[in-house]
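This report concerns only the one structure given below.
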Amino acid sequence: MRSWRLWNRQLSCREVVEQVTDYLEGTLAPRQRRRFEAHLARCVNCPEYVEQIRAVVRAAGRPDPRAPAPPSETELRTLYRILREE
């Protein structure tokens, strides 16, 4: 019965902040999503927070898969040695 109570209680604002990325990516389980949306329906501040995060994600976009990978530690050390010698 304890687990039922845990699932039946309402989410806190802190839990919404912790789960917002999963919510926006659509990876929350159906029950978690319903709890998340129930919180948004009754909370004064969280809907605005979720929309702000959604706007940030839209503005940032997705990384370009064609972009080169960042240099490895070995490559950075080699470059550093070359630059020190100049």
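The values are calculated or read from the model by the stated rules, or taken from the named source; none is laboratory data. Everything numeric in this text was worked out from a predicted model, so none of it was measured. All Cβ positions, glycine included, derive from the backbone under ideal geometry; neighbour counts span all protein chains shown. Surface areas here come from the heavy atoms of the whole protein model, side chains and all, with no ligands, DNA or RNA. Shrake-Rupley method; radii C 1.70, N 1.55, O 1.52, S 1.80 Å.
Listing for the model above:
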item	result
Angle between the chain longest axis and helix 73-85 axis [Cα atoms, degrees, rounded to 10]	40
Ranked packing of 27-35, 59-67, most packed first, by mean Cβ within 10 Å	27-35, 59-67
The chain, accessible area per residue, ligands and nucleic acids excluded (1.4 Å, Å²)	87
Carbon/sulfur fraction of accessible area - the range 5-86, other protein chains in place, 1.4 Å, %	54
Disulfide-incompatible cysteines by the Cβ rule (no partner under 4.7 Å) in the chain	CYS13
Cα-based Kirkwood hydrodynamic radius, the range 41-86, one decimal, Å	14.7
Difference of contour (0.36 nm per residue) and Cα-Cα distance, VAL44 to ILE82	8.0 nm
Largest-first principal axis extents of the Cα set of the range 23-64 (Å)	36, 24, 6
Overall dimensions of the range 6-86 as given by Cα atoms, namely Rg and Dmax in Å	20.8, 66
Folded to 0 to 90 degrees: helix 30-42 orientation relative to the chain principal axis, Cα	80
Positive dipole terminus of the chain, leading residue within LEU28, ALA69, LEU83 (C-beta point charges)	LEU28
